[in-house]
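Note sheet for the following structure.
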Amino acid sequence: MAKEAGVFRKLFPQKNIPIILRAVLKAGRTLEKQTPTEWENSLTRRLHSRLIRIYPFRDGPLSIQLQPEIPSLHQDEELLSGQIDLLVPSNLGYQIYFAIEAKRLRYISPNGKFIPGNSNYVNDGMMRFISGQYAPLVQTGAMLGYVFDGHIAAARNGINGYIQIKANELKIGPPKKLTNSTILIDNAIDKTHHDMEDRLFIIYHVFLSV
């Protein structure tokens with residue numbers, strides 16, 4: 001719960017989050033990289049194409065947007081706050097949504113170098129939630145890791161180690177690492193808790209073998 005619940009007039013419906021995460025896992029089962037160096041944007045487009053064909057997005061009750069532009073919270077600011085990879089809106093206002101940011105993990109660069117991807121996942125992914133660039137008025141979001149070599153345990157360990165290094169910047173609460181979430185009893189989902197100045201924030205972590 002938020003530290004000051006009155007600040008948050010409306011929250012994204014928590015009952016929808018496990019439904020969304022289950023759909024991502026289901027759609028991700030048939031998702032495969034096309035090349036060893038494929039960008040996450042391409043993978044996310046094909047994941048979105050699968051998501052809109054299954055429950056709860058095909059016929060509702062939810063919808064899911066692909067890489068929508070996010071305006072700045074400052075009404076006179078011309079620059080965008082950014083683009084979220086996947087966004088599930090609500091009927092509670094344009095700032096009340098569930099955001100999913102995707103990054104590549106354990107992939108091969110164009111010059112043939114193995115890249116763990118931990119830095120991008122944390123610094124260019126998780127940190128966008130912590131800075132308020134994404135989801136500044138809600139309490140939950142998700143990170144999606146595309147694991148190119150299929151070694152999900154190794155990917156998780158790599159992210160976990162990097163999170164502990166960046167724990168202060170991430171404002172992460174005890175135990176300052178990935179922990180297992182019970183949001184989906186029959187699927188492995190991790191989470192981290194972040195102690196923001198105005199609220200507590202949970203990031204769910206989903207790893208897909210591609």
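Any residue in segment 146-153 that is of a type in the set (A, V, I, L, M), surrounded by 16 or more Cβ atoms within 10 Å (Cβ to Cβ) and in a strand (DSSP E or B)? Taking every residue of segment 146-153 in turn, at least one turns out to be of a type in the set (A, V, I, L, M), surrounded by 16 or more Cβ atoms within 10 Å (Cβ to Cβ) and in a strand (DSSP E or B). Among the residues of segment 156-210, the one identified as closer than 23 Å to LEU86 by Cα and acidic (Asp, Glu) is ASP190.
Scanning segment 182-209 for residues that are at pLDDT below 95 and of a type in the set (Gly, Ala, Ser) turns up just one, ALA188. Taken together, the residues in segment 123-173 that are within 16 Å of ILE202 (Cα to Cα), hydrophobic (A, V, I, L, M, F, W, C) and over 14 Å from the mean Cα position of the chain (by Cα) amount to 5. Within segment 10-37, the residues that satisfy the criterion of being free of Cβ contacts under 8 Å to residues at least 60 places away in the same chain and farther than 25 Å from SER90 by Cα are ARG29, THR30, GLN34, THR35. HIS193 fulfils the conditions (1) surrounded by fewer than 19 Cβ atoms within 10 Å (Cβ to Cβ); (2) over 21 Å from GLN14 (Cα atoms); (3) not charged (D, E, K, R) except for a single criterion, (2).
With respect to SER81, determine if the residue is surrounded by fewer than 13 Cβ atoms within 10 Å (Cβ to Cβ) and either within 22 Å of VAL206 (Cα to Cα) or modelled with pLDDT under 95 (or both). Judged against the criteria, SER81 is not a match. Selection of segment 154-181 for residues being modelled with pLDDT of 95 or more, touching a helix residue (DSSP H, G or I) at 6+ places or on another chain (Cβ under 9 Å) and either at positive phi or in a loop (DSSP other than H, G, I, E, B) (or both) yields LYS166, GLU169, LEU170, LYS171, LEU178. Within segment 98-124, residues that are among the β-branched types (Val, Ile, Thr) have Cβ atoms under 6 Å from residues that are at pLDDT below 95 in these pairs: ILE108/PRO36; ILE108/THR37; ILE115/SER109, counting only partners at least 6 apart in sequence or on another chain.
The values are calculated or read from the model by the stated rules, or taken from the named source; none is laboratory data. Computed from a predicted structure; not experimentally measured. As a convention, Cβ positions derive from the backbone with ideal geometry for all residues, glycine included, and neighbour counts pool all protein chains shown.
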